[in-house]
Amino acid sequence: MKSIKNVLVPTDLSDLSIAAMEYAVSLAEVYRARIYLLYVIEAEPNLAFPPTSDYPRAIAGEIEREAKKQLHKFVYWKLRDLGDVVEVVRQGKPHVEIPRFAQENGIDLIVMATHGRTGLAHVLMGSVAERVVRTSSVPVMTVKPRELQPPILTEQDVEEELHL
């Protein structure tokens, strides 16, 4: 049996990641694992001409400090009842940074939410979760948003089972 000691939950600070966090907490309780909550902020685009001052670096530092505050607020207001987590902020492309963080930090499982987009929205927006699944050397568990999760048993199923 594979031992799970470190679980990574990427977040975009939306309520969608709460469902993924609930699964991660359940697994962490069973395996006594540590949970890492990773928020990746998009890196600034490459400039055609490199900046001539430290101003862009100062802005990047301020953006990262603000992202850490936002992540901490998210944990405090939305996840505080789910236990302790290690809060991490990285800059870059989420589909690149999530597998990279997992590889660099001995993560045993990535648990991430999907936005549940289908059709044209999925094609146009892309899917970070899908790209992580394809590129990660670490197993990935994806969790659909609650509103898209079909109930396991419907009321009709229960009535039929009980012959009502």
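What lysines could a cross-link reach from residue 68, if we take a straight Cα to Cα line under 18 Å and drop same-chain neighbours fewer than 8 places away?
78, 93
Run the numbers for residue 93 and residue 70: contour at 0.36 nm per residue of separation, minus the present Cα-Cα distance, in nm.
Gain in length upon complete extension: 6.5 nm.
Would you please give the FRET efficiency between residue 80 and residue 58, computed as 1/(1 + (r/R0)^6) with r the Cβ-Cβ distance and R0 = 35 Å, to the nearest 0.05?
Efficiency computed from Cβ-Cβ geometry: 0.65.
Around residue 13, what is the net charge, scoring Lys/Arg as +1 and Asp/Glu as -1 over all other residues with Cβ under 10 Å from its Cβ?
It works out to a net charge of 0.
Coordinate-derived values only; no laboratory data. Everything numeric in this text was worked out from a predicted model, so none of it was measured. Reconstructed Cβ throughout: ideal geometry from the backbone, glycine too, with neighbour counts over all protein chains shown.
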